[in-house]
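The values are calculated or read from the model by the stated rules, or taken from the named source; none is laboratory data. Keep in mind the model is a prediction, meaning the values are calculated, not measured. Please note: Cβ atoms are built from the backbone with ideal geometry, for glycine as well, and neighbour counts cover all protein chains shown.
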Amino acid sequence: METHYRKKDLLGIEELSRGEIEHILEIAKSFREVNERAIKKVPTLRGKTIVSLFYEPSTRTKMSFEIAAKRLSADTYSISTTTSSMVKGETFLDTIKNLEAMKPDVFIIRHSQSGIPHRIASITPVSVINAGDGQHEHPSQALLDLLTVLDHRGSVEGLELLIVGDVLHSRVARSNIWAFTKMGAKVTLCGPPTLLPLNTLEKLFYGTQVKVTYDLDGAIPEADVLMVLRLQLERQKLSFFPSLREYSLLYGINSRRLQRAKKDLIVMHPGPINRGVELSSDVIDGARSVILDQVTNGVSVRMAILYILAQRGSEL
Ligand code: CP
């Protein structure tokens with residue numbers, strides 16, 4: 001088993017070994033101290049060039065990659081759909097080849113189409129980070145989620161992770177299922193049958209030990225970690241449930257519903273949150289919530305990813 005991360009790209013958690021995941025997390029922990037300093041900057045990636053291409057909106061991922069890169073002294077640049085020459089008809093692949101000619105070290109790509117970062121990684125020598133591709137994977141999110149659980153529980157091995165909500169459209173769920181099962185957790189998925197169709201899940205998660213339940217109140221008392229997913233209304237072409245009110249009633253998490261939960265259950269959400277739909281304000285802002293810890297950990301994890309990939313081929 002690979003114990004050090006030596007890949008050119010970070011495209012998904014599915015293709016990583018436990019050793020590679022642990023390697024990234026160890027480096028992330030070592031960068032935490034930089035984020036606590038008065039002057040939050042080290043020269044580690046001086047002279048490295050990082051280009052972000054976000055073709056879908058983002059607050060957390062885009063900003064934390066940018067903050068991470070700047071704290072490591074890399075030069076950062078970003079391009080978006082509306083400001084690039086793609087509006088004049090240039091293809092994405094031609095855009096990449098032209099940017100590649102400017103000799104960057106890393107591309108960070110978010111795109112609505114699953115598989116785009118993989119395609120780009122196969123045609124460029126530049127390291128590619130998948131910052132979320134369609135409904136496929138969001139690897140840096142799963143890594144920061146692992147780090148957050150490690151912080152609060154010490155270990156992931158044997159923990160019961162309950163993922164609730166729009167699993168069908170969620171790249172966060174997919175990456176986390178790979179990440180947590182590889183690290184020894186037991187994963188249960190819960191949501192309305194329309195957003196958790198058994199035939200689709202069997203194809204997606206073959207080889208993993210995920211359980212599926214439609215009984216949220218029955219599953220909550222067993223859970224150590226509750227990961228609530230955003231209802232991805234922008235990806236829902238069909239009507240998957242009668243109304244937001246009904247969804248919230250059946251699958252929304254509120255403090256009344258958590259009364260039967262374990263005392264040390266922690267509640268996570270990748271953000272952005274539909275406040276009052278999948279999570280109530282009393283839970284978001286309550287004692288069990290580690291949602292902002294996830295955001296804080298995003299910076300250290302992304303520093304580690306950039307450090308490993310941008311240093312490739314350089315002397316450490
Ligand atoms: N969790 C996450 O990917 O958030 P953003 O869409 O704001 O980046």
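Would you tally the residues in segment 234-256 being surrounded by 16 or more Cβ atoms within 10 Å (Cβ to Cβ) and either part of a helix (DSSP H, G or I) or modelled with pLDDT under 90 (or both)?
Total satisfying the criteria: 5.
Do we have Leu99 as modelled with pLDDT of 95 or more and in contact with a Ser or Thr (Cβ under 8 Å, 6 or more places away or on another chain) here?
Working: modelled with pLDDT of 95 or more: yes; in contact with a Ser or Thr (Cβ under 8 Å, 6 or more places away or on another chain): no.
No.
Conditions: (1) more than 16 Å from the ligand (Cβ to nearest atom); (2) touching a His at 6+ places or on another chain (Cβ under 9 Å); (3) not in a strand (DSSP E or B). Val128 meets all but one. Number of the miss?
With (1) more than 16 Å from the ligand (Cβ to nearest atom); (2) touching a His at 6+ places or on another chain (Cβ under 9 Å); (3) not in a strand (DSSP E or B) applied to Val128, the lone miss is (3).
Yes or no: segment 38-52 includes at least one residue that is within 16 Å of the ligand (Cβ to nearest atom) and not in a loop (DSSP other than H, G, I, E, B).
Initial filter on segment 38-52 (within 16 Å of the ligand (Cβ to nearest atom)): 52.
Next cut, not in a loop (DSSP other than H, G, I, E, B) only: 52.
Yes, the conditions are met somewhere in segment 38-52.
Of the residues in segment 265-288, how many are within 17 Å of the chain's Cα centre (by Cα) and more than 14 Å from the ligand (Cβ to nearest atom)? Break it down stepwise before answering.
Just the residues of segment 265-288 that are within 17 Å of the chain's Cα centre (by Cα), to begin with: 267-273.
So of that shortlist, the ones also more than 14 Å from the ligand (Cβ to nearest atom) come out as 267.
Adding up the residues that qualify gives 1.
Within segment 258-291, how many residues are in a helix (DSSP H, G or I) and either crowded, with 17+ Cβ neighbours inside 10 Å or modelled with pLDDT under 95 (or both)? Walk me through how you get there before you give the answer.
Filtering segment 258-291 down to residues in a helix (DSSP H, G or I) leaves 258-260, 281-284, 291.
Those still in the list that are either crowded, with 17+ Cβ neighbours inside 10 Å or modelled with pLDDT under 95 (or both) too: 258, 283-284, 291.
Summing the residues that are in a helix (DSSP H, G or I) and either crowded, with 17+ Cβ neighbours inside 10 Å or modelled with pLDDT under 95 (or both) in segment 258-291 gives 4.
Does segment 82-94 contain any residue that is of a type outside the set (Val, Ile, Thr), in contact with a Pro (Cβ under 6 Å, 6 or more places away or on another chain) and part of a helix (DSSP H, G or I)? Outline the logic, then answer.
First, pick out the residues of segment 82-94 that are of a type outside the set (Val, Ile, Thr): 84-86, 88-90, 92-94.
Among the residues that remain, those that are also in contact with a Pro (Cβ under 6 Å, 6 or more places away or on another chain) are: none.
No: segment 82-94 contains no residue that is of a type outside the set (Val, Ile, Thr), in contact with a Pro (Cβ under 6 Å, 6 or more places away or on another chain) and part of a helix (DSSP H, G or I).
Being away from the ligand (no atom under 13 Å from the Cβ) and within 25 Å of Lys182 (Cβ to Cβ) narrows it down to one of Ser140, Ser170, Ser84, Ser114, so name that one. First the steps, then the outcome.
On the way: Ser140 fails: away from the ligand (no atom under 13 Å from the Cβ); Ser170 fails: away from the ligand (no atom under 13 Å from the Cβ); Ser84 fails: within 25 Å of Lys182 (Cβ to Cβ).
Matching residue, one of Ser140, Ser170, Ser84, Ser114: Ser114.
State whether the residues of segment 56-70 include one that is aromatic (Phe, Trp, Tyr), more than 16 Å from the ligand (Cβ to nearest atom) and surrounded by 15 or more Cβ atoms within 10 Å (Cβ to Cβ). Even if it seems obvious, please write down each step before you answer.
First pass over segment 56-70, keeping only residues aromatic (Phe, Trp, Tyr): 65.
In the following step, the residues that additionally are more than 16 Å from the ligand (Cβ to nearest atom) were identified as none.
Checked segment 56-70: no residue is aromatic (Phe, Trp, Tyr), more than 16 Å from the ligand (Cβ to nearest atom) and surrounded by 15 or more Cβ atoms within 10 Å (Cβ to Cβ).
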